[in-house]
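Any read-out appearing in this document is the output of simple, stated calculations on the displayed coordinates, not a laboratory observation. Model, not experiment: these values are computed from the prediction. All Cβ positions, even for glycine, are placed from backbone atoms using ideal geometry, and neighbour counts span all protein chains on display.
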Amino acid sequence: MIPLTFQYFILCHLIGDYYFQTQQMAARKQKELRALVVHCGLYSVPFLSAFILYDDSFVALRYWISLSLAQAIVDFIKYFWSRRFSVIAKEYSQWLFLLDQASHLLLGFLVISVLALRLPQTVVDSEVWSLFLSWSAYLLLLFKPTNICFKLVFGKYQQSYHEEEVTERNIIQKKPLEETVSGAGALIGNLERMIMAIFLNLGQFAALAIVMTAKSITRYNKIAKEPAFAEYYLIGTLYSILVTLIGFFLFVYRL
């Protein structure tokens, strides 16, 4: 399990960069400097919680300002670089997203380490605070950030249509896939990861197979008939399991 101070930073980062940012704002901040400034302001809001955790207001202020500025620097560098090299940024958008997130986390860890921004010992020793921060960071990671990351990184593997040959006219006709309810896939993924997290916390590792089996049964016909969908489905399932397991051992699991 990673130190509680870093967990607290990750929790604030997830809230500011994902839950305080709408899809519209994410699109606007790539084109408008004003939208980027608004995002940086909203991003800094979760770090104000340092004033609740720290008894010393000066330490809390230093924590809030240093981490907020560090993250703003990353966003501004990405903004100007993307505008300067727009073609490359568009072509490698998924890698740029991963680099952006890695930069946020690494710079945050560096600032915390250099400035020795440790959480108060009373918070670290408190079982209530430890469980609250750990589980909050873990659960928030499993929902919106995991869904967004999957769409951006693995979206190219999603099948938007399948081709059906019309032999009578000797042409190829592209037929749209059956539409699903908007947001249903993300909701299913959220519930799936939450159930797996509960089983992991209870130590029922074998029970994860039940979740995967139940999920696969509902899609059996489509998996059997459409290889492209089967591959995309498998990628999503393995990704979901991997994130849930890694997150559990990073945030919750204690030796």
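In region 216-247, what residues are in contact (Cβ under 8 Å) with a residue 60 or more places away in the chain, surrounded by 16 or more Cβ atoms within 10 Å (Cβ to Cβ) and under 20 Å from LEU187 (Cβ atoms)?
Hits for region 216-247 are PHE229, TYR232, GLY236, TYR239, SER240, VAL243, THR244, GLY247.
Out of everything in region 115-143 that is assigned to a helix (DSSP H, G or I) and of a type outside the set (A, V, I, L, M, F, W, C), what residue ends up being nearest to GLN7 (Cα to Cα)?
Residue satisfying both the conditions and the ranking: SER134.
Which residues, counting only those in region 43-87, are in contact with a Phe, Trp or Tyr (Cβ under 9 Å, 6 or more places away or on another chain) and of a type in the set (A, V, I, L, M)?
Once the filter is applied, which keeps residues that are in contact with a Phe, Trp or Tyr (Cβ under 9 Å, 6 or more places away or on another chain) and of a type in the set (A, V, I, L, M), region 43-87 yields VAL45, LEU48, ALA50, LEU53, ALA60, LEU61, ILE65, LEU67, ALA72.
Mind listing whichever residues of region 69-96 are without any contact (Cβ under 8 Å) to a residue 12 or more places away in the chain, in a helix (DSSP H, G or I) and not aliphatic (A, V, I, L, M)?
If the condition is that a residue be without any contact (Cβ under 8 Å) to a residue 12 or more places away in the chain, in a helix (DSSP H, G or I) and not aliphatic (A, V, I, L, M), then PHE80, TRP81, ARG83, ARG84, SER86, LYS90, GLU91, TRP95 are the ones that fit.
Residues that are of a type in the set (D, E, K, R), part of a helix (DSSP H, G or I) and within 16 Å of the chain's Cα centre (by Cα): does region 97-114 have at least one?
Yes.
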